[in-house]
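> Below is one structure. I have some questions about it.
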Amino acid sequence: MIDLFATRPEFSKLGQQMHSLITELYPICRSITGNGVRQTLEIIGKEIPLIRHEVPTGTRVFDWTVPREWNINDAWVENSRGERIIDFRKNNLHVLNYSIPVDKTVDLAELKEHLFTLPEHPDWIPYRTSYYRENWGFCLSHNQMAALPEDRYRVFIDSTLSDGSLSYGEYLVPGETEEEVLLSCHICHPSLCNDNLSGIALMTQLARLLTGEKLRYSYRFLFIPGTIGSITWLARNEAQARRIKHGLVVVCVGDSGPFTYKKSRRGDAVIDRAVQHILSHERDRFELIEFYPYGYDERQYCSPGFNLPVGSLSRSSHGCYPEYHTSADNPELVKPQYLAESLEIYLQVIDLLENDRVYLNQNPKCEPQLGKRGLYRSVGATAIDDFDEMSLLWVLNLTDGKHSLLDIAERSNTPFKKIKAAAGALLAAGLLNHE
Ligand code: ZN
């Protein structure tokens, strides 16, 4: 049996570390391409040995083309007195992501055509992008825009949009088999914490925890720009993708929301059952969502030509919390405690996947006599990692070569870890064997 909790990870300390990484990455202006992404990958690369890939502009990836690379040095709006009223250096959400360069003076009406606000939350700055349509613009609070007087405004964006490359990071933790578990997060959002940075921080910690463990599956960690990144990876690794047996898109794992699991397109994949099982035994409240073709990179992994068993495990889900895609998705929204809880749930799911095997009862004709093997009435069911007699009986009854340990846990409505512990004891007693 594989026990990923054997080293007793100190989750509260790991929660602090994840939050520190988020705080370090927060000020960087990321996009789907450019130096902000590279800088981000470099920082992650200090924690885990990430391989960085660069895919040139113009590369065809299925129906898409790798876009020109965007970089930005500065952006601001000044009024006629030379006062800087919007400043990218104060918050990188102020600039429309992928803005083309501009330097001109405009009146208020023309300026407003290029301003984006959020009237429902008039103090917050929205996050807006224009990747595939050339445009320039600024994002600001609705209150600030409403107070702008008639004036002549100088708008200045020092950006470049030119041939370069798309960057992404990849790290493989090898296991006993070439069958893979995919963990994927997007790295293309600028100063946004729950949507983007929490996933990066959790995946980085998870990769560190799994490194050096004796594992059954190989674990592929992808740090990619949203949509174009997963399309690019799939286009370059079409054959490789067939090795993916289970996968999760890691997003929005740092806020206080209840856990939410969005199922894979298949709906009944082992990963779907595994996450549902862990959440139902570990949390009083959680949400299950059927697959829908929107959201994050699961859209690409679950496109019909791949149909990979990839779901998405988050706290609040895509677009369903007020701070989503605004300046309020900041380091205060995500908390070490929530990150730590999320990491622990992820590790439990992985521990389940690692141990979900089919065993064969070596004494299938009537129950074996457990008492003479010291297994009956000798164990209590109080310790959380322990098992009870019912677990032993369920495992013995269903290890007929047709049921995996997850099947048994589901059918007996028993937490997987108890079933696993019971199977471990029966293996040690010679009453079970590998299929
Ligand atoms: Zn987003």
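Here, each number is a calculation from the coordinates, and none is a lab measurement. Just so it is clear, the model here is predicted, and its values are computed rather than measured. Cβ coordinates were reconstructed from backbone atoms using ideal geometry, including for glycine residues, and neighbour counts include every protein chain displayed.
> Please find, in a Gaussian network model of the chain (springs between Cα atoms separated by less than 10 Å), the residue of G254, G15, G82 whose mean-square fluctuation is greatest.
In this elastic network of the chain, the residue with the biggest mean-square fluctuation among G254, G15, G82 is G82.
> Regarding segment 50-175, what's the average projected area of the Cα-atom convex hull, expressed in nm²? Mind dumping the intermediate values first?
Values: hull surface 42.9 nm².
For segment 50-175, averaging the hull's shadow over all directions gives 10.7 nm².
> Measure nothing fancy, just the Cα-based angle from helix 11-25's long axis to the longest principal axis of the chain, in degrees from 0 to 90, nearest 10.
On a 0 to 90 degree scale, this one is about 20.
> Related question: Report the relative contact order of segment 296-406, percent, no decimals, based on alpha-carbon pairs under 8 angstrom and at least 6 residues apart.
Details: 59 pairs, mean separation 26.6, N = 111.
Reported as a whole number, the value is 24 percent.
> Could you give each residue of segment 3-9 its phi-based ³J(HN,Hα) in whole Hz, using Karplus coefficients 6.51, -1.76, 1.60 with θ = phi - 60°, and x for Gly or Pro?
Values, residue by residue: 10, 6, 9, 4, 7, 6, x Hz.
> What lysines sit close enough to K13 to cross-link, taking a C-alpha to C-alpha distance under 22 Å and skipping anything fewer than 8 places away on the same chain?
Hits, sequence-local ones excluded: K46, K335.
> What ³J(HN,Hα) values, in whole Hz, does the Karplus curve 6.51 cos²θ - 1.76 cosθ + 1.60 give for segment 388-405 when θ = phi - 60°, with x put for Gly and Pro?
Karplus-based 3J(HN,Hα) across segment 388-405 equals 10, 5, 4, 5, 4, 5, 4, 4, 4, 6, 9, 7, 9, x, 10, 10, 8, 4 Hz.
> Return the long-range amide H neighbours of Y219 (sequence gap of 5 or more, or a different chain), with a cut-off of under 5 Å between placed amide H atoms.
V173, G175, V181
> Between the alpha-carbon centers of segment 183-262 and segment 295-316, tell me the distance in whole angstrom.
About 11 Å separates the Cα centre of segment 183-262 from the one of segment 295-316.
> Okay, helix-only estimate at 222 nm for the chain: each DSSP H run of n ≥ 4 adds -39500 (n - 2.57), divide by all residues, round to 500 deg cm²/dmol; what do you get?
On the way: 12 runs with 126 residues, N = 435.
Taking each H run of at least 4 residues, the total per residue is -8500 deg cm²/dmol.
> Next up: For V250, what residues show an amide H to amide H distance below 5 Å, using hydrogens built from the backbone and excluding near sequence neighbours?
Answer set, sorted by chain and number: S184, C185.
> For segment 393-435 and segment 107-145, write down the distance between their C-alpha centroids in whole Å.
58 Å
> May I ask which residue of S130, T160, S317 lies farthest towards the positive end of the charge dipole of the chain, with charges of +1 (Lys, Arg) and -1 (Asp, Glu) on Cβ and the Cα centre as origin?
S317
> Please list the non-local residues whose amide H lies under 5 Å from the amide H of L432, H modeled 1.01 Å from N, same-chain partners needing a gap of 5 or more.
Q362, L427
> Further question on the same structure: Pick out, from L118, N71, A6, the residue whose Cα sits farthest towards the positive end of the charge dipole of the chain, with +1 on the Cβ of Lys and Arg and -1 on the Cβ of Asp and Glu.
Selected residue: A6.
> Relative contact order (percent) for segment 194-277, with alpha-carbon contacts under 8 angstrom and 6 or more residues of separation? Could the numbers behind the result be given before it?
Values: 33 pairs, mean separation 40.3, N = 84.
Over segment 194-277, the number comes to 48 percent.
> Restricting the calculation to Cα positions, tell me the Rg (one decimal) and the Dmax (whole number) of segment 358-434 in Å.
11.1, 31
> May I pose another question? With a 10 Å cut-off between alpha carbons and a GNM built on the chain, which of K104, K90, K372 moves the most?
Evaluated over the chain, the most mobile residue of the options is K372.
> What is the spread of the Cα atoms of segment 300-435 along each of their three principal axes, largest first, in whole Å?
Sorted from largest, the Cα extents of segment 300-435 read 65, 41, 20 Å.
> Treating only the Cβ atoms of Lys and Arg (+1) and Asp and Glu (-1) as charged, compute the dipole magnitude of the chain about its Cα centre; round to the nearest 20 debye. Kindly include the intermediate steps, with their values, before the conclusion.
Numbers: 46 positive and 57 negative charges, 192 e Å.
Charge dipole, the chain, about its Cα centre: 920 debye, nearest 20.
> Nearest-5 percent of antiparallel DSSP beta bridges in the chain? Please report the intermediate quantities before stating the final value.
Numbers: 41 of 64 bridges.
That works out to approximately 65 percent antiparallel.
> Count the net charge of all other residues whose Cβ sits under 14 Å from the Cβ of E42, scoring Lys and Arg as +1 and Asp and Glu as -1. Write out the running numbers ahead of the final one.
Working: positive: R30, R38, K46, R52; negative: E24, E47, E54.
Its environment carries a net charge of +1.
> Further question on the same structure: Based on the Kirkwood radius over alpha-carbon pairs, what is the Stokes-Einstein translational diffusion coefficient of the chain at 4 °C with 1.567 mPa s viscosity, in µm²/s? Write down the numbers at each step before the final one.
Working: Rh = 23.6 Å.
Result for D is 55 µm²/s.
> Here's a follow-up. Give me the distance between the Cα centres of segment 20-86 and segment 320-368, rounded to whole Å.
Value for the Cα centre distance between the two parts: 30 Å.
> Tell me, what ³J(HN,Hα) does each residue in segment 129-143 have, in order and in whole Hz, if you take phi through Karplus 6.51 cos²θ - 1.76 cosθ + 1.60 with θ = phi - 60° and put x for Gly and Pro?
Calculated HN-Hα couplings, in order: 10, 9, 6, 10, 9, 5, 6, 10, x, 10, 10, 7, 5, 5, 4 Hz.
> Hey, another quick one. Assign unit charges at the C-beta atoms only (+1 for Lys and Arg, -1 for Asp and Glu), then state the dipole size of segment 218-267 relative to its Cα centre in Debye, rounded to the nearest 20. Write down the numbers at each step before the final one.
Numbers: 9 positive and 2 negative charges, 71 e Å.
With Lys and Arg at +1 and Asp and Glu at -1, about 340 debye.
> Counting alpha carbon pairs within less than 8 Å and at least 6 residues apart, what relative contact order, in whole percent, applies to the chain?
17 percent
> Could I ask something else about it? What is the extension gain from Q240 to D63, computed as 0.36 nm multiplied by their sequence separation minus the C-alpha to C-alpha distance, in nm to one decimal?
Details: separation 177, 0.36 × 177 = 63.72 nm, distance 1.95 nm.
Full extension of this stretch gives 61.8 nm more.
> Helix 270-282 against the longest principal axis of the chain: what's the angle in degrees, Cα atoms only, rounded to the nearest 10?
With rounding to tens, the tilt is 80 degrees.
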